[in-house]
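Here's the structure we're looking at; comments come further down.
Values in this text are rule-based calculations from the coordinates and carry no lab data. This is a predicted model, so every value here is computed, not measured. Cβ placement follows ideal geometry from the backbone for every residue including glycine, while neighbour counts extend to all protein chains displayed.
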Amino acid sequence: MNELRRSFLKLTGGATALAVVTMAGLLKTGQALAAWNKAGFESKAVADVLKSLGATDAAESKDIVITAPDIAENGAVVPIAVTSRIPNTQQISVVAEKNPFPLAATFDVGGGGEGYVSTRIKMGQTSNVWAVVKAGGKYYVAKKEVKITVGGCG
């Protein structure tokens, strides 16, 4: 009986805390959903992804470093890290060129934050992985080829 009471108190305490945070305006789910790039994630071509990001005139940059395996044994789990040494990095996107839906991830970097992200993506076949960086209102790209021995998209 005592454990049932503890569980009930934990549950109601957590729900109350969530309600207070939401009412205080600290948790705004509507803003997070509004920022989702639906067109980009539904695009099937890299050109359409770049257009959805606003990066159609992106310049290549050596200040963007993509850390990924040269050969990935399993395309279902490919580790990718992107480091941007460009000042005022605002956003980093990862694009797998030959995937059915190339835009794999987009990360917003808070003001003064380090331009570094790390994730794992699925890749269906050998292709270039692009890092698209928005910094100071301009767009920059870098590419790295990743060879896939066993595809992960399907």
Using a 7 Å offset from Cα along Cα-Cβ at V150, what residues in the stretch 79-111 end up with backbone N under 16 Å from the label point?
79
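Give me the net charge of G115's neighbourhood, meaning all other residues with Cβ under 15 Å from the Cβ of G115; Lys, Arg count +1, Asp, Glu -1.
Details: positive: K62, R85, K134, K138; negative: D63, D108, E114.
The answer is +1.
Could you please report the charge total around D63, scoring K, R as +1 and D, E as -1 over all other residues with beta-carbon less than 15 angstrom from its beta-carbon? Kindly include the intermediate steps, with their values, before the conclusion.
Details: positive: K62, R85, K134, K138, K143, K144; negative: E60, E114.
In short, +4.
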Loop-located GluC sites (Glu not before Pro) in the stretch 57-102, at most 14 other Cβ atoms within 10 Å (DSSP):
E73
Using only the alpha-carbon atoms, what does the stretch 38-148 span along each of its principal axes? Please give whole angstrom values in decreasing order.
36, 25, 21
